[in-house]
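Presented below is the structure to which this report refers.
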Amino acid sequence: MRLSLSSAGLQDWNGDVLAVGLLKTEENSSTQALCTQFPGLEAMLELQDFKGKPGESLVLHPMREGAPARLIVLGLGEPESLGLDGLRKAAAKAARSAIGCTGKLGLLLPWDGLEPNSAACAVAEAVRLALYTDQRFRKDTDPRRIPDSLELIGLPAQAAAGLNDVNAHCAGVELARELVAAPPNHVTPAALADTAAQLARDHGLELKVLERADCEARGMGAYLAVSQGSDLDPKFIHLVYRPQGEVKRRLALVGKGLTFDSGGYNLKVGAAQIDMMKFDMGGSAAVLGAMRSIAERRPQGVEVHMIVAACENMVNGSAVHPGDIVKAANGTTIEINNTDAEGRLTLADALLYACEQKPDAVVDLATLTGACVIALGDEMAGLWSNDDALAEALDTAAGAAGEGIWRMPLRKSYKDGLKSLLADMKNTGPRPGGSITAALFLQDFVESDIAWAHIDIAGTVWSDKGRGLNPAGATGYGVRTLVNWVCGQAN
Ligand code: BES
Ligand code: MN
Ligand code: ZN
């Protein structure tokens, strides 16, 4: 999508669809100006009792020579409560209301009081991401009529810089959405490795894929145990972005990559939504998507290691028995008292490998627990960290991306729930506080002097109905948070 600023006014803007945001208090000034420009609008606003409340909208077809083919009026609510998130929602709504029109979409919003670069970036991202559709699995594809360019009207010229990274960010989010939405017969561990290989070729990244034998040689018994009931080979993927010049910070992004989670012998039954467990590689999709955006932005001074221990959790005669005891790469023995708590087993070996890269910080993303969905719902991911500065930086990065996140406690005493009679630990504790014991389990596989954060995206990876800039389905959650965080440390 072509993105630019326009210094035109309401009278002289030229394009195909014009979307204008109105605040609740603007009954006299902006509304009046708009009504003068578009005869018939005033009557329509009245007829529909348009108040300018957030979410309200109205579409008009001004059949006048020289006027845009479609005029979209959006309610924005009270000026005091309008922030970047309100603008994102309005922009997404404008984009959806523009479907059917090709050509140029213009967006005139009350930008005052907002930092122009972030406002431009937020709004343009929302438009592109809201227009995303996925027709890869249909026989007949429907050629969609959507705008091919976006003009933000009335922002100062400096805000153009805010548009520079929009397409790179959105390409990363869209890659993540495509990976998550694709079914488990398409996105296999090998397909994730192929995606990494494609990124490496396209953007000059370094790639290493460890096969089963390599993982065996490294003693990754926790990861391999999860994979052993599947007909598909595991793929341990390590992708590296190296900046030009001096490396000042080394970061690791680790993603859970279960391309399907049946639960294993603790099979997912009843309300456990086994048919949705293609999205159990959402963490790996987010880190691959982030690598795509980072590779395009090429931040200086930061080296980024992406690590995914990809496999399937299936059942056959070689699958893990509930009760098996396995050994992770650091020698820790784990009693698998529940084969459905498989993500943490794969992450244990992935985190150990990540720490071997001697990073300054490690962040893992995982669709780890149903308990996190119960705690926080589908608008906020859970965040656990052993380092306050890292937690704060991630919170800021998520805030700037408009992605919900909430810090949760690493309460030490809850680790007692993971005590095993025979092994060093069990993989599952009691149901209460289940997302916390999962995080505590992971912490055992991270060196204590390395800043680490764990983000549980079980709720945010998918949106049944769609919300804001997310159409229904895979959200691509986490990509923009990670990219903001990584690029925020560049210099
Ligand atoms: N992939 C699931 C977590 C999940 C559940 C994500 C629902 C999204 C929606 C994970 O592997 C899992 O099965 N976790 C178990 C852990 C339990 C056995 C301790 C869970 O949450 O039920
Ligand atoms: Mn599971
Ligand atoms: Zn899982």
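The values are calculated or read from the model by the stated rules, or taken from the named source; none is laboratory data. Quick caveat: nothing in here was measured; it's all calculated off a predicted structure. When we count neighbours, we look across all protein chains shown, and the Cβ atoms used for this are built from the backbone with ideal geometry, even at glycine. With ligands, DNA and RNA removed, areas are computed over all heavy atoms of the protein, side chains included. Shrake-Rupley method; radii C 1.70, N 1.55, O 1.52, S 1.80 Å.
Here is how the numbers come out for the structure above:
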| quantity | calculated |
| --- | --- |
| Peptides ranked, highest mean first, by Cβ atoms within 10 Å: ranges 465-473, 144-152 | 144-152, 465-473 |
| Furthest towards positive pole of dipole, ILE146, PRO184, TRP111, structure part the stretch 107-201, Cβ charges | PRO184 |
| Surface share of carbon and sulfur [accessible, 1.4 angstrom probe, percent] for the chain | 49 |
| Extreme residue, positive dipole direction of the chain, given options LEU253, PRO432, VAL17 (C-beta unit charges) | VAL17 |
| Selection from TRP384, TYR241, THR396 lying farthest towards where the dipole of the stretch 167-488 points positive, charges on Cβ | THR396 |
| For the chain, calculated [θ]222 nm from helices alone, where every DSSP H run of n ≥ 4 adds -39500 (n - 2.57) | -10000 deg cm²/dmol |
| Segments 219-232, 42-55 sorted - mean Cβ within 10 Å per residue, highest first | 219-232, 42-55 |
| Charge dipole (debye, nearest 20) of the stretch 374-454; +1 at Cβ of Lys and Arg, -1 at Cβ of Asp and Glu | 520 |
| Percent RCO, i.e. relative contact order, over the stretch 167-488, from Cα pairs under 8 Å lying at least 6 residues apart | 23 |
| 1.4 Å probe accessible area per residue over the chain, in Å² | 41 |
| Cross-link pairs LYS104/LYS139; LYS248/LYS415; LYS235/LYS278; LYS248/LYS412 - those with Cα-Cα distance over 26 Å | LYS104/LYS139; LYS248/LYS415; LYS248/LYS412 |
| Area projected by the alpha carbon convex hull of the chain, averaged over all directions, nm² | 24.5 |
| Unit charges on C-beta of K, R, D, E only; dipole of the chain, Debye | 400 |
| Gyration tensor (Cα) of the stretch 2-161, equivalent ellipsoid semi-axes in angstrom | 24, 19, 16 |
